[in-house]
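One structure is given here, and the rest of the page talks about it.
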Amino acid sequence: MTLDSLYRSILVEHYKHPRNFGRLAEPTHCTRQHNPLCGDHIELHLLCSVDDRIQAVKFQGRGCVISQASASMMTEAVAGKSVARARALIVSFQNLLFRSPAETELLELVVFAALQDFPSRIPCATLAWQALAVCLSTPEKKYAPPPGLKT
Ligand code: ZN
């Protein structure tokens, strides 16, 4: 198996078996983001504790393998982390796509570094992270989730 096909298999595996898929009953943060360039949709729910920790995270969406795999892997990366840590990961992930340093904390997310050669797909990979950034920059509230996305 080449490195390239290994990377691809990680993405396809997350696409077929997304982690933390679904919605939270009472999220403290919720957003929907859309990548019109590719038609990707993400709805992200977070439950942050009073001590600023991401207690639970769920997403649902539809779109290409890259967008959905990135969302799945993002939720795994930030679940249980502090909000400060999650913010740092957003920056690390962007650095990975637009520069080159591979931060070890990104673990298997480093597969997305391959997109440096396919800049048109970068919005697919960043969609879920953009949703996370939006959630973390909006005030906490009791959220009445909108109707679910049709998949
Ligand atoms: Zn896409």
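The values are calculated or read from the model by the stated rules, or taken from the named source; none is laboratory data. Quantities reported herein were computed from a predicted structural model and do not represent experimental measurements. All Cβ positions, glycine included, derive from the backbone under ideal geometry; neighbour counts span all protein chains shown.
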Unmet criterion (only one of (1) in a helix (DSSP H, G or I); (2) more than 15 Å from the chain's Cα centre (by Cα)) for Cys38: (1)
Residue among Thr28, Thr75 that is more than 12 Å from Leu132 (Cβ to Cβ) and crowded, with 18+ Cβ neighbours inside 10 Å: Thr28
Extreme residue, surrounded by the fewest Cβ atoms within 10 Å (Cβ to Cβ), among residues of the stretch 47-72 that are away from the ligand (no atom under 16 Å from the Cβ) and either within 12 Å of the chain's Cα centre (by Cα) or part of a helix (DSSP H, G or I) (or both): Lys58
Index of the failed condition, Pro36 passing every other in (1) within 16 Å of the ligand (Cβ to nearest atom); (2) free of Cβ contacts under 8 Å to residues at least 24 places away in the same chain; (3) over 25 Å from Leu136 (Cβ atoms): (3)
Unique residue being at pLDDT below 95 and over 24 Å from His17 (Cα atoms) when the list is Ala113, Ala102: Ala102
Yes/no for Glu13 being away from the ligand (no atom under 16 Å from the Cβ), assigned to a helix (DSSP H, G or I) and more than 21 Å from Gln94 (Cβ to Cβ): yes
Selection status of Arg23, in a helix (DSSP H, G or I) and basic (Lys, Arg): no
Filter result (without any contact (Cβ under 8 Å) to a residue 60 or more places away in the chain and farther than 19 Å from Ser82 by Cα) within the stretch 39-61: Gly39
Selection count, the stretch 103-140, where residues are assigned to a helix (DSSP H, G or I) and either charged (D, E, K, R) or over 22 Å from Gln60 (Cα atoms) (or both): 13
